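Trainee: Take a look at this one; I'll ask things after.
The values are calculated or read from the model by the stated rules, or taken from the named source; none is laboratory data. Note that the structure is a prediction, hence the values are computed from the model and not measured. So basically every Cβ, Gly included, is an ideal-geometry build from the backbone, and we count neighbours across all protein chains shown. Areas reflect the complete protein model, heavy atoms only, side chains present, ligands, DNA and RNA absent. Shrake-Rupley method; radii C 1.70, N 1.55, O 1.52, S 1.80 Å.
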Amino acid sequence: MSWTLVVVPIIAVILLNLPFGEGYRKLAFPAGIFLAVLQSALVLLPIENMFPYGACPLSPFVFLSPDALGLLMILSVGIVVFSALLVGWRMTDKTSRKSDFANLIILAMAGMNGVILSGDLFSLYVFLEIVAVSSFILIAMDKNREALEGSFKYIMLSAVATILILSSISVFLMLTGSTSFSAAAAALKQGNHAAVLASGLFIIGLLIKGGIAPFHGWLPDAYTSAPAGVSIFLAGIVTKTTGIYTIIKLVSYVTGYTGPVKEILLFFGAVSALLGAFAALDQKNFKRMLAYSSISQMGYVIMGLGAGNPLGVMGAAFHLFNHAIFKTQLFVNSAAVEQETGTLNMDRLGGLSDKMPVTGATSVVALLSTAGVPPLSGFWSKLLVIVALWVAGYKIYALIAVFAGVVTLAYLLSMQRRVFFGNISASFSNIKEAGVSFTLPAVLLSTITIAAGVFFPYVFEKLIIPVQALLGLL
Amino acid sequence: MTQETAQLLRLYIVFLPLIFVAGFYCVITTRNLIRTLLGLEILTKAVTLMLALAGYLTGRTAMSQALIITLIVIEVVVIAVAAGVVLNIFRHNNSLDARNIRSLKG
C-alpha cells in the first residue's frame, strides 16, 4: 500500500521518542538506515505496481500509487537518506543531538514520500511544510551564528513561498470547490483567468522552494552553513523533491505542457543553468561552490521539462535522479575533507588525493558525471535534455545548455585541482583517509553513477521510458 | 447571489487586499526579526480568510474548516521554530536587527 511509505516513518519517529532513556533513543540510527534501505529495495524489486493505491485507515489524506517518476524519486530518497545518515551520525558530536538528527531525517523522509504520493493540492502543501520544518531545525542544529542565519533565510523565503502556494490553493478552492488536481486542471482548461493566475503563483512558490534563479538567494547560505550531514540531505534530495519534483508533478497533473508554461520553464531554467555555473566559478568555499553547481544543474532539469516533448521529460527525470546521486557524492566528499582537515576553504587545501585516495578517486567520478563526460550517467541525461531542446526547436536554449556544461567542467576541474591534486600543504601532511562512514557511501554512489552510465540502455528501458506517461495525463 | 452574500463579498474585497498589503509591507520594511515574523503571521491570516471565503462561496464550509484547522496547526509549528531561531540569533548578537545577520556572502 502506498500510504505505508508515509505512515511507517512517522510511527517510527513516535516510537523512537518514547521515554526509555538515552540508549533507547540511539536506535534512531539503525531504524533510519533500515527504513532507507527498505524503501530503495522495495522499488528495485521486480514486482509490477509495488505500491498500489489503498485508502489509508489512519489519515484523511489521499495517497496515490506512485507514477514512474515517483518510483525514481522514492529510490533516490532512500539512497540519499542512507548516505546522509551515515555521514551525519559520524560528524555530530553530542549523543543526544545524534538521535535528534536521525529522528528529524526520518520525519523529513516521511514528508518527502508524502509529497511524492499526495493526490491533491492541499495534502501536497501539508507534506511540503513537514519537510520544510524538519529542514529548518536540521540546519540550525549546531546553533552557531552562520547556521542560524542560513536557517532564518530559508524560513523567510520558504514562508513567502508557502503564502503564494496557499493563496493559489484558495483561489482553486473558490473556483472549483475542491483541491484535487483534476478539478484544478478542468478550471484551467476552461481558460479561467483566475485559474491561470493561481497556477502561476503556485509555480513561483515552487521555484522559490527549489532554489531556481532568481529566487536562489537562500540556497547557498543554507547549504553552506548547515552541518555536513544536513547539507548532503538538503542538496541531495530536499530541495529537489519539494521544489523541482513538485513542479514536474504540477505541470503534468494540472497545467499541462502548454505554450506559456513551457516559456516560463525554459526562461527560468536557462537563467539558473548559466547563473549557477558562473557563480560557482569564483567560489572559495567547497560547499558553496557545490551549492551553486546544484542551482545550475536544476536549471537543466527545468529546461528539459520546458522542452515539453517525451525526450525532454525523460531527460529531466533522469537528470533529477543522477543529480541526487552525484551531488550527494560530492557533498559526502566535502564532508570527508572537512572531517579530516577541518576546513573547506579551497585555497588552503591541496594534494589530498595522495592521503585520501578513495575520496579523491570517487570525487573524480562524480565531477565527470556532473560535467557530462561519457560514459557516465550524467552524460546521458544531459544529452537527452540538449537533444530534446534542439528537436523541439529551442535551438538557442540548447546552445545555452551546451555552454553551461562547458562552464560546469571548468569549475569542477578547478575544484578537483585545488582540493585533491597538486602539492599538499605542510599542515595537512599527517592526515589519513576518512572513516568507513564516508568511504562506504562514496563508493556506493560512484558505483551507481558508473553503472547507470554503462548499463544505460537497460536503465533507460526499465526506469526512464515509463516516465513519458507524464505527458499524456491531461 | 443573495443580498447577504453580496454584502459579505464586498467587505472581503476591500479588506483582503488591505491585509495582504499590510503583511507584505511589514515583512519588507522592518529590520526587526520579531516584526518580520509578525508580518508573516499577518500574511497567513489573510490566506486563512481567503480559504474561509472560498468555503462560504462554494458552500463547502465543512471542507474549508478542516483545511483551516490543518493550516493553523502547521503555521503554529513553523512560527514556533522560527521564533526559536530568532531567540538563538538574539543570544549570539544581543540584538534583533536584521542588519547584523549578514555574515554569509558570495
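Trainee: Whole-Hz Karplus ³J(HN,Hα) for the range A:245-253, in order, using 6.51 cos²θ - 1.76 cosθ + 1.60 and θ = phi - 60°, x for Gly and Pro?
Mentor: 4, 5, 4, 4, 5, 4, 5, 6, 8
Trainee: Next question. Under a 5 Å amide H to amide H cut-off, with H placed in plane at 1.01 Å, what residues pair with A:Ser65 once short-range neighbours are removed?
Mentor: Amide H to amide H, under 5 Å and 5 or more residues apart or across chains, A:Ser65 pairs with A:Tyr53.
Trainee: Evaluated at 20 °C with a viscosity of 1.002 mPa s, what Stokes-Einstein diffusion coefficient in µm²/s does chain A have when Rh comes from the Kirkwood expression over alpha-carbon pairs?
Mentor: 97
Trainee: So for A:Lys94, A:Lys189, B:Lys45, what's the accessible-area order with a 1.4 Å probe, most first?
Mentor: Largest to smallest exposure gives the sequence A:Lys189, A:Lys94, B:Lys45.
Trainee: Over the Cα atoms of the range A:183-301, what radius of gyration and what Dmax do you get, in Å?
Mentor: When restricted to Cα atoms, the range A:183-301 yields Rg and Dmax of 15.5, 51 Å.
Trainee: Still on this model: So what is the orientation-averaged projected area of the range A:259-474, using the convex hull of its C-alpha atoms, in nm²?
Mentor: Averaging across all directions leaves 11.5 nm² for the Cα convex hull.
Trainee: Another question, if that's okay. Principal axis lengths of the range A:265-379 from Cα atoms, whole Å, largest first?
Mentor: 47, 27, 18
Trainee: Another question about this same structure. Grab the alpha carbons of the range A:8-117, take their convex hull, and tell me the volume per residue in Å³.
Mentor: About 99 Å³ per residue, rounded to a whole number.
Trainee: Just read off the accessible area of A:Thr176 with the full protein assembly in place, 1.4 Å probe, to the nearest 10 Å².
Mentor: Using a 1.4 Å probe on the heavy atoms, I get roughly 50 Å².
Trainee: Tabulate in residue order the Karplus-calculated ³J(HN,Hα) for the range B:45-59, using 6.51 cos²θ - 1.76 cosθ + 1.60 with θ = phi - 60°, rounded to whole Hz; enter x for Gly and Pro.
Mentor: Coupling constants for the range B:45-59: 4, 4, 5, 4, 4, 4, 5, 4, 4, 4, x, 5, 5, 8, x Hz.
Trainee: To continue, here is another question. When the expected Rg is taken as 2.2 N^0.38 Å, what fraction or multiple of it is the alpha-carbon Rg of chain B?
Mentor: Compactness ratio reported: 1.38.
Trainee: Report ³J(HN,Hα) in whole Hz for each residue of the range B:15-20, in order, from the Karplus equation J = 6.51 cos²θ - 1.76 cosθ + 1.60 where θ = phi - 60°; Gly and Pro get x.
Mentor: Going residue by residue, I get 8, 4, x, 4, 5, 4 Hz, with x marking Gly and Pro.
Trainee: Given Cα positions, please report Rg to Rh for the range A:39-181, the hydrodynamic radius being the Kirkwood one.
Mentor: 1.02
Trainee: How many partner chain Cβ atoms sit within 10 Å of a residue's Cβ in peptide A:163-176, on average, as a whole number? Intermediate results must be reported in sequence, preceding the final value.
Mentor: Numbers: counts 9, 2, 1, 11, 7, 1, 6, 14, 2, 1, 11, 9, 3, 2.
Counting other chains' Cβ atoms within 10 Å and averaging over A:163-176 gives 6.
Trainee: Of A:Asp221, A:Asp93, which has the most accessible area and how do the rest follow, probe 1.4 Å? Mind showing how you got there, number by number?
Mentor: Working: A:Asp221 10, A:Asp93 135 Å².
Descending accessible area places them as A:Asp93, A:Asp221.
Trainee: Only helical DSSP H runs with n ≥ 4 go in: add -39500 (n - 2.57) per run for chain A, normalise by residue count and round the 222 nm mean residue ellipticity to 500 deg cm²/dmol.
Mentor: Details: 21 runs with 337 residues, N = 474.
Only helices count here, giving -23500 deg cm²/dmol.
Trainee: Around A:Leu72, with a cut-off of 12 angstrom between Cβ atoms, what is the net charge of the other residues, counting Lys and Arg +1 and Asp and Glu -1?
Mentor: +1
Trainee: Roughly speaking, what % of Cα-Cα pairs in the range A:137-214 are separated by over 21 Å, rounded to a whole number?
Mentor: Taking all Cα-Cα pairs of the range A:137-214, the fraction more than 21 Å apart is 42 percent.
Trainee: Also, quick follow-up: Nearest 20 debye, what's the magnitude of the dipole of the range B:3-95 about its Cα centre given +1 on Lys and Arg Cβ and -1 on Asp and Glu Cβ?
Mentor: 200
Trainee: Put A:Lys209, A:Lys395, A:Lys98, A:Lys462 in order of accessible area, largest first, 1.4 Å probe: what do you get?
Mentor: Output order, biggest surface exposure first: A:Lys462, A:Lys395, A:Lys98, A:Lys209.
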